[in-house]
1. Under 9 Å between Cβ atoms, which residue pairs at least 6 apart in sequence (or on different chains) link something in the stretch 246-262 that is assigned to a loop (DSSP other than H, G, I, E, B) and crowded, with 16+ Cβ neighbours inside 10 Å with a partner that is at pLDDT 95 or above and of a type in the set (Asp, Glu)?
2. Phe183 versus (1) in the same structural domain as Tyr40 (by TED's automatic domain parsing); (2) surrounded by 16 or more Cβ atoms within 10 Å (Cβ to Cβ): which is the lone unmet condition?
3. (1) over 22 Å from the mean Cα position of the chain (by Cα); (2) modelled with pLDDT of 95 or more; (3) more than 17 Å from Ile279 (Cβ to Cβ): which one isn't true of Ser245, the others all being true?
4. For Tyr167, are the conditions met, namely being among the hydroxyl-bearing types (Ser, Thr, Tyr) and either in contact with a Phe, Trp or Tyr (Cβ under 6 Å, 6 or more places away or on another chain) or surrounded by fewer than 15 Cβ atoms within 10 Å (Cβ to Cβ) (or both)?
5. Suppose the filter is in contact with a helix residue (DSSP H, G or I) (Cβ under 9 Å, 6 or more places away or on another chain), part of a helix (DSSP H, G or I) and either of a type outside the set (Phe, Trp, Tyr) or closer than 30 Å to Arg29 by Cβ (or both); does Arg179 pass it?
6. Would you mention how many residues in the stretch 15-35 are farther than 22 Å from Leu105 by Cβ, crowded, with 17+ Cβ neighbours inside 10 Å and small (Gly, Ala, Ser)?
Amino acid sequence: MKNKIIVEEAGRKLSDIKKIIIHPGSAHRDDFLATGLAIYLTSSNIEVERKEPSKEELGNSQILVLDVGGRHEPELKNFDHHQFPSDTSECAFSIFSQWLKLEHLFKIYDWYEVTKIWDSQGPKALADYLNFPTHPPVNPFESSLTGLIRDNKLKNWHKLAGEIMGYFVERSVEILDIRIPWFRKNSEVKTVAGMNILVADSPNTKGIGEYEQELLIKENIKIDAEIWPDNRGDGWRLMRLDDNSSINFRKLNGEPAMRFIHANGFTASTKEKISLNEILVLMEKSITL
């Protein structure tokens, strides 16, 4: 469990922390995530204050200062990014996780890069990154959460943040140390009618997307569809990726082996776990060249 050890080492770097300070006023995703990460790693009831730090507090390495203070001084546990050049895509959460050597645990999530760009360069830069014509849509859950924190209406929000970051850290450790190695050994890529189909004989699909990203980066293999045991029935689940228009499972209507076919055609399942050859024949029937 390589990454579990790295997480434990990160916790030891924060073992002497007595207090956390983050900026007052509006709450943002990066200070929420950074605070949550610190709370999770320390596993203690550390006081969190939303205020401007004093000079004395900035000079005290037992006080963790996040997203405020105008300083990036890891040796003093000061992690602000607002003084960086305007073209820098870093935020408090990213520079804090880098110092902890945990950034790789979050890079597997699309939201990590989005968080950095949104907080450091604003909505226009994020819209350009996402190729959106206008301001990216606002997440109502996130805006409600940060609003409650801003208005001091959510007691012990930092403990909630710790629970959330604990989930992401532990999920990442499981994916990187257990699930991706499992897919390397137990899944295979079948080429059907020019399409790359990932076949994994387990209903546990946790980490499958991250493994597919690894295949793309390391082997230049882009997965077009997945086949795995259905976790809602006794057969196989078929799933197309990236809304690939060449794959439409509605073409399997009338096939006696089929239990379910989504009206949109992006997923389907069989009644029973038929042989691999049989499921690949069905996959081929769903592909239009």
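The values are calculated or read from the model by the stated rules, or taken from the named source; none is laboratory data. Values in this document were obtained by computation on a predicted structure and should not be read as measured data. Note: ideal-geometry Cβ built from the backbone for every residue, glycine included; neighbour counts use all protein chains shown.
1. Partner pairs satisfying both residue conditions: Ala257/Glu272; Ala257/Glu278.
2. Of (1) in the same structural domain as Tyr40 (by TED's automatic domain parsing); (2) surrounded by 16 or more Cβ atoms within 10 Å (Cβ to Cβ), only one is false for Phe183: (1).
3. All conditions are met except number (2).
4. Here the answer is yes, as Tyr167 does meet what is asked.
5. Spelling it out, Arg179 is indeed in contact with a helix residue (DSSP H, G or I) (Cβ under 9 Å, 6 or more places away or on another chain), part of a helix (DSSP H, G or I) and either of a type outside the set (Phe, Trp, Tyr) or closer than 30 Å to Arg29 by Cβ (or both).
6. Adding up the residues that qualify gives 1.
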